[in-house]
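Peer 1: Following this message is one structure expressed as structure tokens.
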Amino acid sequence: MAILRSDTISGIGTEGPVLNGGLHFRSENYLTLPKGDTIQRGRGRGVIAGGCTPLTSSIDYFNIQSQGNSIKFGSLQSGAIFGNQMCASSTRGISGGGAQPSIRNFLDFITIATESNSTDFGDLQNSKRDIGALSNQTRGIWTGGNPGSSPNTTDQIDFVTIASVGNAQDFGNLTASMKEVQSTSSPTRGIMGGGNTVPATINTIQFLTIASTGDASDFGDLTRTASSLGAVSSGTRGVFANGGSNTIDFVTIASTGNATDFGDSTVLRAQCTATMSNSIRGVFAGGYQPSPNSTDTNTVDFIEIATTGNAQDFGDISRDNNDSNRENGGCSDSHGGLTE
């Protein structure tokens, strides 16, 4: 039996009970109190921003723990953009890079719990599109990309402190220059899967330590060559999906080694939006189906990260005419890079 003691209880019938004085808990079982304020405890939003075709500035969100179609959130203050990518803490999401169609270095941020337009955060070190992004509660990191000049790839890694605003700083370099590398994380380690080194699509997985700065190191290989993947994570497992196929792979983030087959997505596609998870469920949204007609899709599916198996239908991206559903940036307020 658990016993709760307090000096006084007031406010019943108005704003609810208010406990005054010291609180004492005694229980025969292990007891953990809720963490964070009420907004943080209501986390579970996935956000997508930007996209093509046509270009859009739209920001939409999903409730990850349930299933259903996306809901309008607001718009990017920097305007219509595609090829951007997002990272997030438990409260703030940041969109970086992209093209309009000229390549940009924009950083925009939103407060994930509040629907509104984004606000200017600062700039990346250089303009680039087709980048990856990962984060923990403190740092946001962008990896690789296309700077628009020959050879159309970069090995640059940028980082910011998410709670402040300002320009990105140099973190280090990837193992090679590449674009279309997708990234995800645990609270301590970021992993980057696949990519395009122009002209070769690769199966490389790399990793970095988020709290430090320095170059990425080799982790292992995906089960196939792929770029423009979707990536989600829990605190322990990273999952890479699609990239021009319906294949889903996974790795254990704290170790190194080659990826293992997870299952299949509901559609064959590339350039889907991922990095949307609540550490239990990973969500993959939109993209385009390269065969047979290279058509965009508004399909959203999901997986249970701790298990293996095929993805299931989640809902749809609900935008005007079901357009602008590829090359979106995506993030969530409860992904695997966040401890609580």
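Peer 1: Can you tell me which residues in the stretch 174-189 are assigned to a strand (DSSP E or B) and over 12 Å from the mean Cα position of the chain (by Cα)? Walk me through it before giving the result.
Peer 2: So in the stretch 174-189, the residues assigned to a strand (DSSP E or B) come out as 174-179, 182-185, 189.
If the condition is that a residue be assigned to a strand (DSSP E or B) and over 12 Å from the mean Cα position of the chain (by Cα), then L174, T175, A176, S177, M178, K179, R189 are the ones that fit.
Peer 1: Limited to the stretch 207-225, what total is found for residues that are in a strand (DSSP E or B) and at negative phi? Steps first, please.
Peer 2: In the first step, residues of the stretch 207-225 are kept if they are in a strand (DSSP E or B); the result is 207-209, 217-221.
With at negative phi added as a condition, the list becomes 207-209, 217-219, 221.
Count: 7.
Peer 1: Considering (1) closer than 23 Å to L229 by Cα; (2) in contact (Cβ under 8 Å) with a residue 24 or more places away in the chain; (3) surrounded by fewer than 22 Cβ atoms within 10 Å (Cβ to Cβ), say which one C87 fails and leave the rest.
Peer 2: Of (1) closer than 23 Å to L229 by Cα; (2) in contact (Cβ under 8 Å) with a residue 24 or more places away in the chain; (3) surrounded by fewer than 22 Cβ atoms within 10 Å (Cβ to Cβ), only one is false for C87: (3).
Yes/no matrix, rows are residues, columns are (1) within 19 Å of M86 (Cβ to Cβ); (2) at pLDDT 95 or above; (3) surrounded by fewer than 24 Cβ atoms within 10 Å (Cβ to Cβ):
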| position | (1), (2), (3) |
| --- | --- |
| T209 | no, yes, yes |
| T225 | no, yes, yes |
| G238 | yes, yes, no |
| G257 | no, yes, yes |
| G263 | no, yes, yes |
| S277 | yes, no, no |
| G286 | yes, no, no |
| P290 | no, no, yes |
| F302 | yes, yes, no |
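Peer 1: For the stretch 277-293, indicate whether the set of residues that are out of contact with any Pro (no Cβ under 6 Å at 6 or more places or on another chain), of a type in the set (K, R) and more than 14 Å from I64 (Cβ to Cβ) is non-empty. Let's see the steps before the verdict.
Peer 2: Of the residues in the stretch 277-293, the ones out of contact with any Pro (no Cβ under 6 Å at 6 or more places or on another chain) are 277-293.
From the residues that got through so far, the ones that are of a type in the set (K, R) too are 281.
Checking the rest, the ones that are also more than 14 Å from I64 (Cβ to Cβ) come to none.
No, there is no match, as no residue in the stretch 277-293 is out of contact with any Pro (no Cβ under 6 Å at 6 or more places or on another chain), of a type in the set (K, R) and more than 14 Å from I64 (Cβ to Cβ).
Peer 1: Pick from G337, G309: which is at pLDDT 95 or above, surrounded by 17 or more Cβ atoms within 10 Å (Cβ to Cβ) and in contact with a strand residue (DSSP E or B) (Cβ under 9 Å, 6 or more places away or on another chain)?
Peer 2: Values: G309 fails: surrounded by 17 or more Cβ atoms within 10 Å (Cβ to Cβ).
Step by step, each of G337, G309 is checked, and only G337 is at pLDDT 95 or above, surrounded by 17 or more Cβ atoms within 10 Å (Cβ to Cβ) and in contact with a strand residue (DSSP E or B) (Cβ under 9 Å, 6 or more places away or on another chain).
Peer 1: From S291, S277, grab the single residue that is in the same structural domain as G93 (by TED's automatic domain parsing), in contact with a Leu (Cβ under 9 Å, 6 or more places away or on another chain) and under 25 Å from R129 (Cα atoms).
Peer 2: Only one candidate qualifies: S291.
Peer 1: When you go through (1) in contact with a strand residue (DSSP E or B) (Cβ under 6 Å, 6 or more places away or on another chain); (2) at pLDDT below 95; (3) not assigned by TED's automatic domain parsing to the domain that holds T223 one by one for G244, which number turns out not to apply?
Peer 2: Of the numbered conditions (1) in contact with a strand residue (DSSP E or B) (Cβ under 6 Å, 6 or more places away or on another chain); (2) at pLDDT below 95; (3) not assigned by TED's automatic domain parsing to the domain that holds T223, the odd one out for G244 is (3).
Peer 1: Can you report the number of residues in the stretch 233-285 which are in a strand (DSSP E or B), among the aliphatic types (A, V, I, L, M) and under 18 Å from the mean Cα position of the chain (by Cα)? Quick ask: steps written out before the conclusion?
Peer 2: In the first step, residues of the stretch 233-285 are kept if they are in a strand (DSSP E or B); the result is 233, 237-241, 245-252, 260-270, 273-277, 281-285.
Now narrow it down to the ones that are among the aliphatic types (A, V, I, L, M): 239, 241, 248, 251, 267-268, 270, 274, 276, 283, 285.
Within this subset, residues satisfying the condition of being under 18 Å from the mean Cα position of the chain (by Cα) are 239, 241, 248, 251, 270, 274, 276, 283, 285.
Adding up the residues that qualify gives 9.
Peer 1: Here's a follow-up. Considering (1) among the hydroxyl-bearing types (S, T, Y); (2) assigned to a strand (DSSP E or B); (3) farther than 20 Å from F159 by Cα, say which one S228 fails and leave the rest.
Peer 2: So the condition that S228 fails would be (2).
Peer 1: Which members of the stretch 100-110 meet the condition of being surrounded by fewer than 22 Cβ atoms within 10 Å (Cβ to Cβ) and in a strand (DSSP E or B)? Explain how you work it out, then say what you get.
Peer 2: If we filter the stretch 100-110 for residues that are surrounded by fewer than 22 Cβ atoms within 10 Å (Cβ to Cβ), which is where we start, we get 100-103, 105.
Once the filter is applied, which keeps residues that are surrounded by fewer than 22 Cβ atoms within 10 Å (Cβ to Cβ) and in a strand (DSSP E or B), the stretch 100-110 yields only I103.
The values are calculated or read from the model by the stated rules, or taken from the named source; none is laboratory data. Fair warning: this is a prediction, and the values are worked out from it, not measured in the lab. As a convention, Cβ positions derive from the backbone with ideal geometry for all residues, glycine included, and neighbour counts pool all protein chains shown.
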